[in-house]
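Readers should treat all values here as calculations from the given coordinates under stated rules, not as data from a laboratory. None of these values were measured; they are calculated from a predicted model. Cβ: placed from backbone, ideal geometry, glycine included. Neighbour counts: every protein chain shown.
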């Protein structure tokens, strides 16, 4: 069992009600694709995107917050955690990203897991200029549903949060990605 599976299985065990969770980051890669490098399973956390339209209901969902707290407490000794929860307006995504979610098959009683489309995952990886994120982008480019015309359109229409560091990272990664794809 890899680390994201341990974290999510623990969370599922504490939940009492059904819950949709949209993963991104390496957890989405290792659980959402079949041919990921083995080191992706060593990630110490699970990242999730929270749709704005679900925020009012989620903020009042004591079941989720209690399960999250219990999960992190139980896994604290191992260094594993689930705390990177970002509202969709804090992440680089396409306008209609929710329309293109991909289910992640995961044995659970309460969790329904999804990931963004491959091109949206690429956009999320463009938030930092980081060698690991760029390796992840290179991996995502090998997937059958990652095509250059769609990716170019997504980059042109990406919604970048109004944070100067994210805009700079996005510009830098766009330049890097275009150079990579032109080779």
- Describe numerically, in nm with one decimal, the distance between label points set 7 Å from Cα along Cα→Cβ at residue 76 and at residue 182. 5.2 nm
- How much mean residue ellipticity at 222 nm does the chain get from its helices, if each DSSP H run of length 4 or more adds -39500 (n - 2.57) and you divide by all residues, to the nearest 500 deg cm²/dmol? -13500 deg cm²/dmol
- Query: Considering the chain, what Rg and Dmax in Å follow from its alpha-carbon atoms?
  - Reply: 16.3, 51
- Query: Could you give the length gained on full extension between residue 105 and residue 1, defined as 0.36 nm per residue of separation minus the Cα-Cα distance, in nm?
  - Reply: 36.0 nm
- Task: Rank 116, 161, 149 by mean-square fluctuation in a GNM of the chain with C-alpha springs under 10 angstrom and give only the top-ranked residue.
- Result: 149
- Treating the angle as unsigned and between 0 and 90°, give the value, to the nearest 10°, between the Cα long axis of helix 131-141 and the longest Cα principal axis of the chain. 80 degrees
- Enter the angle in degrees (range 0 to 90, nearest 10) between the Cα long axis of helix 3-14 and the first principal axis of the Cα atoms of the chain, meaning the one along which they spread out most. 40 degrees
- Query: In nm, to one decimal, how far is the modelled label at residue 89 from the one at residue 17, with both set 7 Å along Cα→Cβ?
  - Reply: 2.4 nm
- In the Gaussian network model of the chain, springs joining C-alpha atoms below 10 Å, which of 63, 162, 120 carries the largest mean-square fluctuation? 162
- Message: Among 17-30, 79-92, how do they line up by average Cβ neighbours within 10 Å per residue, starting with the highest?
- Response: 17-30, 79-92
- Spin-label point model (7 Å from Cα, Cβ direction): what's the residue 112 to residue 128 distance in nm? 3.1 nm
- Message: Suppose the chain between residue 142 and residue 55 were pulled fully straight at 0.36 nm per residue; how much longer would it get relative to their current alpha carbon spacing?
- Response: 28.0 nm
- Message: Looking only at the chain, where both bridge partners belong to it, what percent of the DSSP beta bridges are antiparallel (to the nearest 5)?
- Response: 45 percent
- Message: Checking the a/c ratio against 1.5 first, then a/b against b/c, what shape does the Cα gyration tensor give for the range 124-175?
- Response: oblate
